[in-house]
Amino acid sequence: MTNLQAMKMSPTEMILSGMRPKDMVSLCMDGMDPTFYEPQTPSYTCTCTEDRIFRTMALLPLREVMSIMENNEVVEAKCEFCGRVYTLEHSAIQKQVDERIAAAAEKGGEDMDALKGA
């Protein structure tokens, strides 16, 4: 608080006088030994993968997945963040369907009904 009271100029006056943000922080934190880091430019990297596409597809009812496979010769999914298009092989989709059926069969009847979207 003492450092703020000791300042002779308002933040606006500091900027108008040519002070840089680092200078203003140093003035405010006088005696506290602040650490300054080099500026960095943020960058975006999408983390989409085919595995994530399959995990998302696993949220759909089994009937819908089967319908997609029957009605489309080529099954594609597009990442809404980066725009990358994934072409999914019918054999890979069928493998996921078979795994879902097997897992539901192990758990019992109610899980099978939920899996089918009943």
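Note on the range 39-81: semi-axes of the ellipsoid equivalent to its C-alpha gyration tensor, largest first and rounded to whole Å, are 31, 11, 7.
Expressed in Å, the radius of gyration and Dmax of the Cα atoms of the range 1-62 are 23.8, 70. FRET efficiency for the R63 to S43 pair, using the beta carbon distance and R₀ = 41 Å, is estimated at 0.50. If you wrap the tightest convex hull around every Cα atom of the chain and split its volume per residue, you get 249 Å³.
Would you please state which residues of the range 55-91 a label at D98 would reach in this model, taking the label point 7 Å out along Cα→Cβ and a backbone N cut-off of under 15 Å? Of the residues in the range 55-91, 89-91 have backbone N under 15 Å from the label point off D98.
Of the GluC sites (Glu not before Pro) found in the range 1-90, those in coil by DSSP whose Cβ has at most 14 other Cβ atoms within 10 Å are E73, E80, E89. Dipole of the chain computed with +1 at Lys/Arg Cβ and -1 at Asp/Glu Cβ about the Cα centre; of N71, S26, T47, farthest Cα towards the positive end is S26. To put it simply, the accessible area of the chain at a 1.4 Å probe is 54 percent carbon and sulfur.
Which trypsin sites (Lys or Arg not before Pro) in the range 32-83 pass both tests, a DSSP loop state and at most 12 other beta-carbon atoms within 10 Å?
Working: sites: R52, R55, R63, K78; in loops: none.
The qualifying sites: there are none.
Based on Cβ point charges of +1 for Lys and Arg and -1 for Asp and Glu, what charge dipole magnitude is obtained for the chain about its Cα centre, in debye rounded to the nearest 20?
On the way: 12 positive and 19 negative charges, 80 e Å.
Around 380 debye, computed over the chain.
Which value at 222 nm does the chain reach when only helices count, each DSSP H run of 4 or more adding -39,500 (n - 2.57), with the total divided by all residues and rounded to the nearest 500 deg cm²/dmol? If you can, show how the numbers build up before the last one.
Working: 7 runs with 63 residues, N = 118.
Using -39500 (n - 2.57) per qualifying helix, the result is -15000 deg cm²/dmol.
Sites listed here are chymotrypsin sites (Phe, Trp or Tyr not before Pro) in the range 8-91 whose DSSP assignment is loop and whose Cβ has at most 13 other Cβ atoms within 10 Å: F36, Y37, Y44, F81. Cβ screening of the chain for cysteine pairs under 4.7 Å finds these without a partner: C28.
The values are calculated or read from the model by the stated rules, or taken from the named source; none is laboratory data. Remember, it's a predicted structure, so these values are computed and weren't measured experimentally. Because the Cβ atoms are built from the backbone with ideal geometry, glycine has one as well, and the counts that use them run over all protein chains shown. Quick note on the areas: whole protein, heavy atoms, side chains included, nothing else; ligands and nucleic acids left out. Shrake-Rupley method; radii C 1.70, N 1.55, O 1.52, S 1.80 Å.
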